[in-house]
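Right, one structure below, let's go through it.
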Amino acid sequence: MNSPIGRLRIVVDGDVVTYLAMEDQAHLPSVTTFGKKSKGCAAQAVAELDAYFAGELQCFRFATSAHGTLFQQAVWKALSNISFGQTSTYGAIAHAIGNPKAVRAVGSAIGHNPLSIVVPCHRVIGASGNLTGYAGGLDRKRFLLQLEGVSVAG
C-alpha cells in the first residue's frame, strides 16, 4: 500500500497479517518466503493503517502473528505495551522482559520486528531522549512519532 512514509508491504496468511514493513527498510526477509499473492485479504489492515496515518486511529485491531525466537517474541510483546504517543528506551524494554543486561540484543530484536508500526518499534528511543536506530530510517521514525504527538531530540 502507499503511505505517507512510502510503500508498505503487507503479507498475510489467511486473515492474519504476518509481516508489515516499508519496502526498502533494513532486515527484509526474502520475498520467496511471502507465499502466493492474494488481493483483498489485507483490506482491514489497509483501512486501519490509512486511518492511523490520517490521525483517526491509535490502536490497531486487525489480527497479526509474528514469527521469531522466544526472546524476540518477548521483546515484541513489550513493544506492544508502549501506548500511542508514548516512548520507551532499549534499557526499559530489557528490564521489562526481565533481562536488563540484554540491551543490545533487545535492539537487534527490535530491528527485526516483522510488524512495523503495528508493533510500535518506532516508539523506542535512546536513553538520552535522542532518536536512535530504526530499520525504516530515522526520518520515518521521526514522522511516526510526530504523527503521534511526540517531540524528540536528535
ask   = Among the helices (runs of 4 or more DSSP H) confined wholly to segment 83-154, which include 1 or more residues that are within 21 Å of Ile10 (Cβ to Cβ)?
value = 103-111, 138-147
request  = Taking the options Ala74, Ala54, name whichever one is among the small types (Gly, Ala, Ser), touching a Gly at 6+ places or on another chain (Cβ under 9 Å) and modelled with pLDDT of 95 or more.
outcome  = Ala74
Selected residue (criterion: farthest from the chain's Cα centre (by Cα)) from residues of segment 124-134 that are of a type outside the set (Val, Ile, Thr) and surrounded by fewer than 20 Cβ atoms within 10 Å (Cβ to Cβ) = Ser128
ask   = Which ones in segment 51-68 are without any contact (Cβ under 8 Å) to a residue 12 or more places away in the chain and either within 21 Å of Thr18 (Cα to Cα) or not acidic (Asp, Glu) (or both)?
value = Ala51, Ala54, Leu57
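The values are calculated or read from the model by the stated rules, or taken from the named source; none is laboratory data. In this text the structure is predicted, and so the values were computed from the model without any measurement. In this analysis, Cβ positions are derived from the backbone assuming ideal geometry, glycine residues included, and neighbour counts consider all displayed protein chains.
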